[in-house]
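Here, each number is a calculation from the coordinates, and none is a lab measurement. A quick note: this is a predicted structure, and the numbers were derived from the prediction, not measured. Cβ coordinates were reconstructed from backbone atoms using ideal geometry, including for glycine residues, and neighbour counts include every protein chain displayed.
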Ligand code: ADP
Ligand code: MG
């Protein structure tokens, strides 16, 4: 009797396996560009038609292949990149599975022209391979036509052409970001060889915060540019683009309360680590990775990103301005004069020139014009002061008395952490001492906000905004100086910028000049 079980022919095996590696035109472009990178290409030109469904052509000037190699490259599990499983521990190439060309050539009409000095043309259709001599400079050209023509079921489940085109652009941009020295083109879009900074700017725009640590380099965008999803996150490990929930989470934690819980920071991060610290063989498309030491990686990334938010001031100008005398002026809120002496940390000089104060805004001149939102600065300072462990306390000559309403208990119990000394007497909150930066006169208003507000962040922010006072130039300058002692000197506790900078470009925009 004939057996019901038969071994599938190679072509069918490849077509089934192709599902894992080549889901869609974008995944084909990814595999082929990675091959070109592995072949040492300096330029990679890609042409697509109808979102890549009709045609994908990719041309490189890499090492090329001999006729024998070209034939072998189409076989499943044929690769020049590893020889044994241990080789994964020292892997420096993008590919290693030897699956892509076998898969792609089994689900399309496939043509290759390749030369390592001697040129070969190779055509595959429906499992038949024909080779002939041809003319070509060193390098490889692959042409993939009529994708999925022989797997109609797969064809049905494809995205629209325009979605596919967008996905391909994303693939090319993602790889181009990691290889700025290589020329890329996709149809009429050209990415000329350049520096990393320039390519980043071209592809993702200017990201504000530089991330730098041992084995970590990259940029993170201003929290104001946070996105509703993770598409603005580019992660590379040893230049391989990857997705890692672990790293995304580390960055998110580092950005902390600067962005809303539901938002995702935008970043481009390059991690470098010994290949044996990671396992890249966990996903057929090599999109994910497993780390040997998850905890250590998490901490390292988080730390580096946290540091990126502490501004590094580099001053090219000498000191051109002497600080206006900060007399012991008395402000309604907050008083910083006493604190300035406490902390002797003035390790960098200030070249800014205070120009004017418009009540709530201070205008400074650095290399650019800087407009400072003084209320936002107040709330940043207040927020950080309230959070520090040891607070200088000022006893009040006349204790403040505030009636306690039902439901106040919980907030009252937290006042101690803020450095407020109090007693409770007959349903009255009696405040005996306040942290030095909180004035007795403004405490009732602060307390009212604190009771109604949800968090310290919000309380300090709302309280500072609700203050009707305007600032003199002296006061504004003192605030600006006090700000320099804060951990974060860029955003208020709710993530709004403390200042804006006007450079020539921005001014031109504002005035609608070309
Ligand atoms: P992998 O990249 O995992 O080795 P592929 O199926 O993608 O598997 O490629 C098979 C082999 O074909 C590669 O190992 C490489 O030797 C060769 N190859 C593929 N593309 C190119 C190219 N553009 N230039 C030179 N050699 C290539
Ligand atoms: Mg490959």
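Worth pointing out:
- From its DSSP helices (H runs of at least four residues, each -39,500 (n - 2.57)), the chain gives a residue-normalised ellipticity at 222 nm of -9500 deg cm²/dmol.
- Relative contact order (%) - the chain, alpha-carbon pairs under 8 angstrom, separation at least six: 11 percent
- Taking the stretch 17-115 and dividing mean pair separation by its residue count, relative contact order in percent (alpha carbons under 8 Å, at least six apart): 32 percent
- Diffusion constant of the stretch 103-198 at 4 °C, which comes from Stokes-Einstein with the Kirkwood Cα-pair radius and 1.567 mPa s, µm²/s: 82 µm²/s
- Peptide ranges 144-150, 451-457, 156-162 listed from the most packed, as the mean C-beta count within 10 angstrom indicates: 144-150, 451-457, 156-162
- Per-residue Cβ neighbour counts within 10 Å put 408, 492 in the sequence 408, 492, beginning with the fewest.
- Ranking of 374, 429 by neighbouring Cβ atoms within 10 Å, starting from the fewest: 429, 374.
- The stretch 49-85 and the stretch 370-448: distance between their alpha carbon centers, rounded to Å: 69 Å
- Taking the stretch 11-30 and a reference point 7 angstrom along Cα→Cβ of residue 155, the backbone N atoms nearer than 20 Å belong to 11-29.
- Kirkwood hydrodynamic radius over Cα pairs of the stretch 191-238, then Stokes diffusion coefficient at 25 °C and 0.890 mPa s, in µm²/s: 203 µm²/s
- Fewest-first ranking of 219, 491, using other Cβ atoms within 10 Å as the exposure measure: 491, 219
- Annotation: the antiparallel percentage among DSSP beta bridges lying fully within the chain is about 90.
- Each principal axis of the Cα cloud of the chain was evaluated for its coordinate range; sorted largest first, these ranges are 103, 61, 41 Å.
- If you wrap the Cα atoms of the stretch 178-282 in a convex hull and average its projected area over all directions, you get 7.8 nm².
- Size-normalised alpha-carbon gyration radius of the stretch 386-446, reference 2.2 N^0.38 Å: 1.06
- Residue 137-residue 466 pseudo-label distance in nm [points 7 Å out on the Cα-to-Cβ vector]: 7.1 nm
- Each semi-axis of the equivalent ellipsoid for the stretch 396-514 is √(5λ) with λ an eigenvalue of the Cα gyration tensor; in descending order they amount to 37, 16, 12 Å.
- Ranked by how many other beta carbons lie within 10 Å on average, peptides 443-450, 191-198 from highest: 443-450, 191-198
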